[in-house]
Amino acid sequence: MKYFKFLALFFFILACSNNTTFIDYGDDITLEFLEGLNDDQNFTLSKDVNGFYRLKLDRYRNQTVQRISGRLIRNNGKPVETLSGGLRQKVEFSSNLYWWLLKGDTVANITNTFINPLTGELVYTNLPPLINWRDVLVPTINQSSYTDDNTGVFNTVIAPIRNMEGDTMKITAEYVHSITAQEEDSNFFSTIGQKIIKDSVYVILE
C-alpha cells in the first residue's frame, strides 16, 4: 500500500513537471513616440534634419502647453496586455528641465463673472490673486499616464516656460514590464522579474 502511494505521488510530480510554463519576458514590446509627438495632426511638431522636434513658446504666457503622444504595443501591432495589469499599462515620464515657483509669486489671477440680475449685464470682478506660499521646484512634464485599451496610445503634457527659450528639452517615457510565469491551463501566475523599456526624444524650445 505504501509502495502504491509512492508511485502515485511520483506520477503526480512527473505530470506537474511536464506542464508547459509560459513566460512573458516582454521582448516583443515596443515603446515609441508618435511621429510629430501628437496623435492629432493639427498639433504635431516639426522635426529638423537632426531629428530634433521644435516647439514655439508662447510669448504672452508663462507656460506653453503641448500634448505629447506615444504608443506601447506588441510586435503584432496590438496593445500590450499583461497578466498583472490587463490592457491598461502605466507609462511614466521625465524631462531634464525644471523651474522655480518662488514664495510670493502669483500663481493665478482670478476673475469672477456673473450676470447682474437688475441690469442683465455681464459683470467681471477681479478677485485677490492666488499667491504661492513657499518655494516649489516645478517639473515641465506630467509624471504618468495610462495606455488606451484599444490602441496602446498614451498621452502626457509638457509645459515649458518662456524663459526656457533656446533650451533643449529631453523627454523620456518609461514602462516597467512585470515578467510573469504561468503554467498551461492554470488561472494563477507569478511575477519573477521586471524589464524596463524606455524611449527618448528631444524638443528645441524656440
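The values are calculated or read from the model by the stated rules, or taken from the named source; none is laboratory data. Computed from a predicted structure; not experimentally measured. Here the Cβ positions follow ideal geometry from the backbone for every residue, glycine too, while neighbour counts run over all protein chains shown.
Here are the numbers for the structure shown:
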quantity: Matching residues, region 57-88, being surrounded by fewer than 15 Cβ atoms within 10 Å (Cβ to Cβ), of a type in the set (Ser, Thr, Tyr) and closer than 30 Å to Gln194 by Cα; calculated: Ser84
quantity: Among the residues listed as Gly104, Gly120, Gly86, Gly70, the single one being modelled with pLDDT under 90 and under 24 Å from Ala159 (Cβ atoms); calculated: Gly104
quantity: Total residues in region 17-56, condition without any contact (Cβ under 8 Å) to a residue 40 or more places away in the chain, touching a helix residue (DSSP H, G or I) at 6+ places or on another chain (Cβ under 9 Å) and under 21 Å from Lys198 (Cα atoms); calculated: 2
quantity: Options Gly36, Gly51: the member that is in the same structural domain as Glu174 (by TED's automatic domain parsing) and at pLDDT 95 or above; calculated: Gly36
quantity: Pick from region 145-189, criterion surrounded by fewer than 13 Cβ atoms within 10 Å (Cβ to Cβ) and among the small types (Gly, Ala, Ser), ranking: farthest from Ile73 (Cα to Cα); calculated: Gly166
quantity: Residues of region 52-92 satisfying the condition of being closer than 22 Å to Asp28 by Cβ, aliphatic (A, V, I, L, M) and in a strand (DSSP E or B); calculated: Leu72, Ile73, Val91
quantity: Number of positions in region 179-204 that are in a strand (DSSP E or B), more than 21 Å from Ser46 (Cα to Cα) and touching a Leu at 6+ places or on another chain (Cβ under 8 Å); calculated: 4
